[in-house]
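The values are calculated or read from the model by the stated rules, or taken from the named source; none is laboratory data. Values in this document were obtained by computation on a predicted structure and should not be read as measured data. Neighbour counts run over all protein chains shown; Cβ positions are idealised from the backbone, glycine included.
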């Protein structure tokens, strides 16, 4: 795990790097060297489609529902095959009408309709909210997982604030990279390069996790599959109809998901922007058509292995969305976990940035601006459109964050994304019908889009909100208004379908149906008819505009002023003039004071197209219409110009339309012919490239073959049918003892005579080749250059001529001399082993796991009066009494089950046998055979019985001695208790300080007899354990018994005499003995307890100028005796106050504590006082040793400290000091002190 602060700093560094990359790309673009004008950059930018849904959610969907997560990627792959027709047409329409969003293109197609644009904006916004929420959910949840989980200790404040922090960050980042210009149809090289880099990073991260899951956590795919839980493969690898397995998916669900994915790849607002608006060259579409599906294949390559690895690791299937990050964390791969987190963040950030930007443009152009036009009080906002778009970005991301809080916990990542896909599916009928069907009308588009959106909200959005608990759940159970026919997931009684397929069916049925039906019964407006050909005609038709045809009668400067006025309502004067100047230059009207009416119409259309990029097609059309650019006279002149054209041509309008259609058809045929020529040329170029590749491959193959021929370890040769050597490689010459193939062919060309040591070998080779056509593994004796014999193995085949006769012989020759020698040695080894097998005096049996005898030695067979061949193939149980047979069966089964040897005893006919059964394991670790060793231990058991009788008398003598020792030990125990009591009283009472010297001497005197007694008792105890071990093992001998009795006699005499001496010394000092108290053991925080101890010493410390500091982790917990620790610290402090400093001197005392790697706790006490002289350093822990006797010191403080550390607390203490250098005490304590 990582601290939240570290993860935030990592994100800050990563996003800073992306920002610098974006600035670099923009600088290159401004210098005319744009990096985004490359087809691969365009193709990779489309990979923004692979959001956190792909990065995390695909694994979750695979675990939840099997392989139908692939539909989300199969759909775009199918759609990519149609991009050269569909996407190219959209790009050309974009260039012609200067559209900036999917709402713009719909409004432009259907008569610049505000209502269509507003409805499309609403649908796009409603679809984007759950999709952006999905990205926020993934970033927040993975941050929580990486930073210690929701219950982690570290960074609680940051962890709890992660959601708002992510929201603020994404708002700022989107504004900086995507919404800082007024004209969003200007390309955004910085943003495109950023999402391209993020596409590469998330691909690398996901592939790295896949490699780690397969080869890091397991030994490869085979090992991964071998360690799966029982149902894991069925859960993840499901593919088929409902009911095939518990996790199978109906085919109709596949169809529903495919339809959603095919529409989402182009109709999601951010995908439309990247694919259409950001396209710099329509030829880039050809590269994207194959590169993007390849990217989808690579990024999904390890989805199934990661899912299987997570299930194999025992992770919760309900949390499968976290497998991608959880596997590196569980495997201890911290660097990989950080890379994965950055990959997931990249997947989310790219989508959020582009989607928020495109939605902000649509919201301001098609929702806010119409409101401003209707509310005069808001007119000032027209000059603040950029700031309004910033607010729209914030509004979208905040709404998405609310949706994530409302619904996120009830849906996995993939399910949230499907809601967005269902929303943008509603664009399909109106948009596709608008560019491919001439009959589509504004009313049909409005009816279909409205109905589809309402049904999407009812069948998909409402269930999601209901499950999140934020709208009432009754409609989900009972139907809207209590009508069962209006159940969101069983609409009109249609049940049994997956909720997604159910929603797709009804929304497309009503949306597409109403679009077609209403369009058939309504008529197109003039505005629709004016642009129909540019939308529905050939892609080449888009963008064509008529040039000026009439006389120059219009004052250009006046019209520039009229065109500028509506633009200045929405932008500064400089930007408005820039749009008009660009339009004038585009039409080559610069420098002309007057222009024709038709040129004015072209200029008007060009300015409207450019203005549409700022405020949308509908708003631009409405604003310019109010400007009065055309006077009534100019309008009539324009009409007269076109009428004059018809009059001069002396044709009717219908004839003109027919001729135009003819020329358009002719142009279409010429265009198609040109395209066919391009295709033919491309095929010829591909054919040339493929031919060059084939030649290169042939050359490479020849080089590879020659390399194999020259470097192969086996001999490679060609022979004539007569046995003459035609060619040979160096290995062939080396095997036969020649320096080179040339020498071999010169000196031993006739291999029938020189190679085969015996002529029959060559004859057999030719005979087999003639009958079989090939020889494999034929071994023969060969003669080398020096005449020595070697064994060779040959693999050869006869190459037939057209007449069927042998033309030549090709083959491989290998030296198998060492192999033959090894086989012979193995045979000899087997003979020796068999001799040992039969020579042993034990019964040895080799059997299978069922008890069938495979081999038995002669002794084992003769014990039963049989021969080995008589018992082979029969069951061992047939040669045992029933009880023994059952025991043997159970032991054999246990050995097979555990894979461990089993040793047991059997008694048959008055004989005792020790039997050991050894399992013989195969390469898989399973028992396949068993080896049984049976030894006659009857004589051993009789000897043990004899020794047992001897031991009975010995035990009585030991019991007598033991009673004597117990009595002596009781007396010793009493004496020691009295001594301990006296020592405790001395410690606790300063009144006994005057007895220091005397008691120290007495303690020394007592220590000697007590030490001798303890040594003797320890020696006696050790010898007793040895004797008992020998007795239990049946190995007691007379000599060892006599030695033990001598030790008992000597040890008891020593113990008794020294105990009597110690008791006499102690009795004389009973008046100084006191009871010794003990403290309770418990767990406590060390830092807090040290503070309490110092607080109790404040009356002593405040009389001095000394500074006392504690360095200790507040969370360090110790399981020990706090009373003993308090006494230790108190003694150390008082010792410093008494001995370390001169009166009035200001010193420093530091107490530090820390946990070591081995779990122990180290306590270090340091003062900077006068230190301890070297000659006194070794004596400081001795009782009653002091350098200030009579001046307040008793000499017991450090002695007590030493006893408390080493005995009560089970630790160790050492002291380091030098004169005038201060003193350091280092105490090592176990984290949990053993019970005293």
Working only within the range 713-734, note down all residues that are farther than 21 Å from residue 799 by Cβ and either surrounded by fewer than 18 Cβ atoms within 10 Å (Cβ to Cβ) or not assigned by TED's automatic domain parsing to the domain that holds residue 783 (or both).
-> 713, 734
Might you let me know whether the range 435-457 holds any residue that is at pLDDT 85 or above, surrounded by fewer than 23 Cβ atoms within 10 Å (Cβ to Cβ) and more than 16 Å from residue 515 (Cα to Cα)?
-> yes
Odd one out for residue 585 among (1) in a helix (DSSP H, G or I); (2) at pLDDT 75 or above; (3) touching a strand residue (DSSP E or B) at 6+ places or on another chain (Cβ under 8 Å) | (3)
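One residue is enough: does the range 473-488 have a residue meeting the conditions assigned to a helix (DSSP H, G or I), at pLDDT below 90 and surrounded by 21 or more Cβ atoms within 10 Å (Cβ to Cβ)? Step through it out loud before you land on a result.
Taking the range 473-488 and keeping what is assigned to a helix (DSSP H, G or I), we get 474-478, 480-482, 484-486.
Next, from what is left, pick out any that are at pLDDT below 90: 474-478, 480-482, 484-486.
Now narrow it down to the ones that are surrounded by 21 or more Cβ atoms within 10 Å (Cβ to Cβ): none.
Within the range 473-488 (the criterion being assigned to a helix (DSSP H, G or I), at pLDDT below 90 and surrounded by 21 or more Cβ atoms within 10 Å (Cβ to Cβ)), the answer is no, since none of the residues qualifies.
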If you check every pair at least six apart or on different chains, which have Cβ atoms under 6 Å apart with a residue in the range 853-876 that is farther than 16 Å from residue 932 by Cβ first and a residue that is outside any strand (DSSP E or B) second?
-> 867/861
From (1) surrounded by 17 or more Cβ atoms within 10 Å (Cβ to Cβ); (2) more than 30 Å from residue 321 (Cβ to Cβ), pick out the condition that doesn't hold for residue 33.
-> (1)
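Considering only helices (runs of 4 or more DSSP H) fully contained in the range 27-142, which possess at least 2 residues that are assigned by TED's automatic domain parsing to the domain that holds residue 337 and at pLDDT below 90?
On the way: elements: 39-45, 58-65, 71-80, 83-97, 102-109.
Answer list for the range 27-142: 58-65, 71-80, 83-97, 102-109.
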The lone condition residue 737 fails out of (1) crowded, with 16+ Cβ neighbours inside 10 Å; (2) modelled with pLDDT of 85 or more; (3) on the phi < 0 side of the Ramachandran plot is (3)
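Examine the range 1159-1173 for a residue that is more than 47 Å from the chain's Cα centre (by Cα) and either in a helix (DSSP H, G or I) or within 19 Å of residue 1088 (Cβ to Cβ) (or both), and state whether such a residue exists. Walk me through it before giving the result.
From the range 1159-1173, those more than 47 Å from the chain's Cα centre (by Cα) are 1166-1173; that's our starting set.
Subset that is either in a helix (DSSP H, G or I) or within 19 Å of residue 1088 (Cβ to Cβ) (or both): none.
There is no residue in the range 1159-1173 that is more than 47 Å from the chain's Cα centre (by Cα) and either in a helix (DSSP H, G or I) or within 19 Å of residue 1088 (Cβ to Cβ) (or both).
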Tell me, yes or no, whether the range 344-354 has at least one residue that is under 11 Å from the mean Cα position of the chain (by Cα) and either assigned to a helix (DSSP H, G or I) or touching a residue at least 24 places away in the same chain (Cβ under 8 Å) (or both).
-> yes
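Which residue is nearest to residue 818 (Cα to Cα), if the candidates are limited to the range 758-787 and must be surrounded by fewer than 17 Cβ atoms within 10 Å (Cβ to Cβ), touching a residue at least 24 places away in the same chain (Cβ under 8 Å) and out of contact with any helix residue (DSSP H, G or I) (no Cβ under 9 Å at 6 or more places or on another chain)?
786
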Only one of (1) surrounded by fewer than 22 Cβ atoms within 10 Å (Cβ to Cβ); (2) part of a strand (DSSP E or B) is not met by residue 1149, so which one is it?
-> (1)
Condition set under 59 Å from the mean Cα position of the chain (by Cα) and part of a helix (DSSP H, G or I), scope the range 722-752, selection farthest from residue 817 (Cα to Cα): answer is 742
Among (1) more than 56 Å from the chain's Cα centre (by Cα); (2) at pLDDT below 85, where does residue 790 come up short?
-> (2)
Hits in the range 229-270 - residues which are at pLDDT 80 or above, surrounded by 15 or more Cβ atoms within 10 Å (Cβ to Cβ) and under 20 Å from residue 310 (Cβ atoms) = none
